[in-house]
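Below is one structure, written out as structure tokens, with a few remarks after it.
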Amino acid sequence: MDNLFLEATKVTPGVHFDATSGILEITGDSYPENSLQFYQPVFKWLDDFIQRSTRPIAFHFKLSYFNTSSSKCILNILEKLEEANRSGRQVSLHWHYREDDEDIRESGEEFAEDLSLTFQFVKH
Amino acid sequence: MAEDLFRLYQDMSQRKIWLAFKGAISQDVLVELGTLLKNKSVLDRRVKKVFAIFIEMTQNILHYSAETEAVPFGDNGVAHPVGVGVVVVSESADDYSVSAGNVVTSDQVAHLREQCERIHGSDTGQLKQYYDARIKAAHSLAGSKGAGLGLIDIARKADFPLDYEIRSIANGRAFFVLTARIAKRLAP
């Protein structure tokens, strides 16, 4: 299966989904004009990867800012990971945040409250 | 005009206005102005909240203002309706403030008033619950852009209750103004 690599722009995150290693990373800022349009191919790739591979997934969220419409899309990604994990897939989730960025840390904690996935918080 | 502009300049300086913009708030405009705030946030992390609130407010104007202007996009010059509004970011001795205003239709007014009143009357815990409920609801409505999450997020990021005003203008429309303030230093 192909990798999904998208260069970061000012308003869309860098996406580095490596099908061979199972390391999936999202980095940067996310506040596109139309979040759903941007995230649609990301959802699609993730669905395919969950279905067509059995490789363990290591997901790294390294976002430094996301707006509310992106946060709906992030919830969607997290729910896909949770679902995969429930069906027996090995999933580790790493939520990266800057030490002085309480908003990113808190939003990770809030997502974690509602999901059965274990979040590993990584301070930088 | 020259003299008026000098007065405007003095007034803006005195009121410590970081930026003020009135017009069609396209994605390009909000990104450029937002970047200015984001760069300032490197020196003061509290300004990252200012940036986040600015993005939510201006994206609300872009998507929901009842007054629009056709703005050409990209190289092919295809025009695209963009919301018109006004946004001001300023600072005082103790806080930063972001204010945004735009025209809303009579249909939007009732919903907006209800949402603002609910947000205004909510404490931190209630705002979090409201946010959680909305993000889950919004999530199933695939086509929706923000579904009111933006306003709740702004209220949660602000350090003081939001100020809002809905002023009737002509033809059943209203002018909606929202102000959020961020404390420069958090109370110990």
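Computed from the coordinates by the stated procedures, all read-outs in this text should not be read as laboratory data. Quick caveat, the model's predicted, so the values are computed rather than measured. Ideal geometry is used to build each Cβ from the backbone, glycine not excepted, and the neighbour counts take in all protein chains shown.
Brief remarks follow.
- Mean residue ellipticity, 222 nm, helices only, chain A: the sum of -39500 (n - 2.57) across DSSP H runs of n ≥ 4, divided by residue count and rounded to 500, is -13500 deg cm²/dmol.
- Relative contact order for chain B, counting Cα pairs under 8 Å that sit 6 or more residues apart, in percent: 23
- Given R0 = 41 Å, the distance between the Cβ atoms of B:Asp123 and B:Thr68 translates into a calculated FRET efficiency of 0.70.
- Considering all different alpha carbon pairs of region A:1-64, the Kirkwood hydrodynamic radius works out to 12.0 Å.
- With bins 20 Å wide beginning at 0, the percent of Cα pairs of the protein assembly as shown falling in each bin runs 30, 56, 13, 1.
- Tail fraction, Cα-Cα pairs, chain A, threshold 26 Å, whole percent: 13
- Separation between Cα centres of region A:76-111 and region A:40-67, rounded to whole Å: 11
- Measuring nothing but alpha carbons in chain B and taking Rh as the Kirkwood radius, the Rg to Rh ratio lands at 0.97.
- Rounded to the nearest 500, the 222 nm mean residue ellipticity of chain B from helices alone is -15000 deg cm²/dmol, with -39,500 (n - 2.57) taken per DSSP H run of at least 4 residues.
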